[in-house]
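For reference, the structure is listed below as structure tokens.
Any read-out appearing in this document is the output of simple, stated calculations on the displayed coordinates, not a laboratory observation. On a predicted model such as this, the values are computed, not experimentally measured, just so you know. Heads up, the Cβs are rebuilt from the backbone with ideal geometry, glycines too, and the neighbour counts pull from every protein chain shown.
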Amino acid sequence: MSLTLTGLNLHPVKSTAVRPVTTAQVVPAGLVDDRTWIVVDGDDVMVTARGSRELFTLVADTPATDPDLTRALRLTAPGMPELLLDQPTGPPAPVRLFSQDLLGVPVGPVADEWLRTALGRPGLRLLWCDDPTRRGLDPAHTRPGDHTAYADGYPVTLASETSLRQLNDWIVEGALERGEEVPDPLPMARFRPSLVIDGAEPFAEDHWSWVQVGEVRLRMALPTGRCVVSTIDVDSLATGKEPIRTLARHRRSASGTLFAVNLVPEGGGTLRVGDPVSVG
């Protein structure tokens with residue numbers, strides 16, 4: 001079994017467009033500049049594509065996704081002027097991420113007004129995570145000191161191309177059984193993984209305890225439960241039944257429907273597309 005890193009993705013602002021890269025820096029909190037900014041509503045609760053799918057139309061770049069960028073964050077969206085931002089300073093404000101009460105530094109009224117106009121929703125604000133070590137992770141699946149910024153639960157997600165191929169085959173089989181039109185294959189972007197590998201047996205990743213990608217070692221936490229976000233077409237923003245319908249048939253567990261795995265870095269280093277991958 002020869003495994004290779006075939007994809008690297010960053011998501012500088014949580015739930016915005018996937019930004020593929022060829023190289024990424026890893027720190028204990030995850031990939032540098034991955035989900036380190038967040039949009040919140042007027043009640044300080046995070047806003048994601050679960051409730052505002054238009055976030056997928058926003059493109060967020062940092063020097064990690066565009067090395068020529070000299071500012072901390074660039075935002076673009078259809079019909080909107082480009083917005084360049086610096087890392088904010090000042091006291092942190094509350095952020096509610098699922099059941100966790102976190103903190104983030106408000107970026108300011110210019111960014112907030114831009115987001116409200118781009119998404120057509122009042123009361124939105126943009127915050128930056130100045131200290132990811134404040135957020136501890138689920139002790140049932142991590143160790144003391146493990147932390148991350150605004151990812152759903154863990155610093156890194158890893159998905160397998162062979163697992164996606166198997167899932168798409170199952171989707172086709174189900175469509176034929178129901179007499180439905182065979183859909184186009186789902187793209188990996190539906191699952192928004194940090195790392196993409198190829199070469200393993202389908203869903204072999206469920207059973208690994210660690211992954212070594214190039215010079216970086218990552219510890220397994222648990223398989224990734226999927227939510228309604230994976231049913232949204234990232235281009236049309238239309239919602240369908242897949243992949244949840246098929247995952248519920250083939251990949252259901254007590255914690256939900258599963259695709260990909262959550263990992264925790266055990267140190268830092270550089271990842272490059274094409275890096276060899278070893279597992280254990």
Report summary line: A correct Kirkwood calculation over the Cα atoms of segment 1-154 returns a hydrodynamic radius in Å of 16.0 Å
Query raised in the report: Around Val264, with a cut-off of 14 angstrom between Cβ atoms, what is the net charge of the other residues, counting Lys and Arg +1 and Asp and Glu -1?
Result: -1
Requested in this report: Would you mind computing, in nm to one decimal, how far apart the modelled labels at Ser236 and Ser99 are, each placed 7 Å from Cα along Cα→Cβ?
Outcome: 3.7 nm
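Note down the net charge around His147, summing +1 for each Lys or Arg and -1 for each Asp or Glu among other residues with Cβ under 11 Å from its Cβ. All intermediate terms of the calculation are to be shown ahead of the outcome.
Numbers: positive: Arg134, Arg135, Arg143; negative: Asp131, Asp146.
Summing Lys/Arg as +1 and Asp/Glu as -1 gives +1.
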Query raised in the report: If one computes the Cα centroid of segment 178-207 and of segment 224-272, what distance in Å separates the two points?
Result: 9 Å
Report summary line: Measuring from the longest principal axis of the C-alpha atoms of the chain, the long axis of helix 161-178 (C-alpha) lies at a number of degrees, nearest 10, equal to 70 degrees
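Sort 186-199, 70-83, 89-102, 120-133 by the packing proxy (mean of other Cβ within 10 Å over each peptide's residues), most packed first. Please report the intermediate quantities before stating the final value.
On the way: 186-199: 20.9, 70-83: 15.4, 89-102: 13.1, 120-133: 17.7.
Packing order, densest peptide first, comes out as 186-199, 120-133, 70-83, 89-102.
Return the tail of the calculated pair distribution for segment 104-188, meaning the percent of Cα-Cα pairs more than 19 Å apart. Write out the running numbers ahead of the final one.
Values: 2356 of 3570 pairs.
Here the tail beyond 19 Å accounts for 66 percent of pairs.
Given 0.36 nm per residue, what is the gain on full extension from His207 to Ser278 after removing their alpha carbon distance, in nm? If you can, show how the numbers build up before the last one.
On the way: separation 71, 0.36 × 71 = 25.56 nm, distance 1.33 nm.
Result for the pair: 24.2 nm of gain on full extension.
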Query raised in the report: Rounded to two decimals, what ratio of Rg to Rh does the chain give with C-alpha atoms and a Kirkwood Rh?
Result: 0.96
Report summary line: Here the FRET efficiency for Thr117 versus Ser2, based on Cβ atoms and R0 = 51 Å and rounded to 0.05, is 0.55
**Report entry** Sum of side-chain charges, Asp184 neighbourhood, beta-carbon under 12 Å (Lys, Arg +1; Asp, Glu -1)
**Finding:** -3
Query raised in the report: How would you rank 32-43, 265-276, 208-219, highest first, on the average number of other Cβ atoms within 10 Å across their residues?
Result: 32-43, 208-219, 265-276
Query raised in the report: What is the Cα coordinate range of segment 131-280 on the first, second and third principal axes, sorted by size from largest, in whole angstrom?
Result: 51, 31, 30
Query raised in the report: How far is helix 109-119 tilted, in degrees, relative to the longest principal axis of the Cα atoms in the chain, given as a value from 0 to 90 rounded to the nearest 10?
Result: 40 degrees
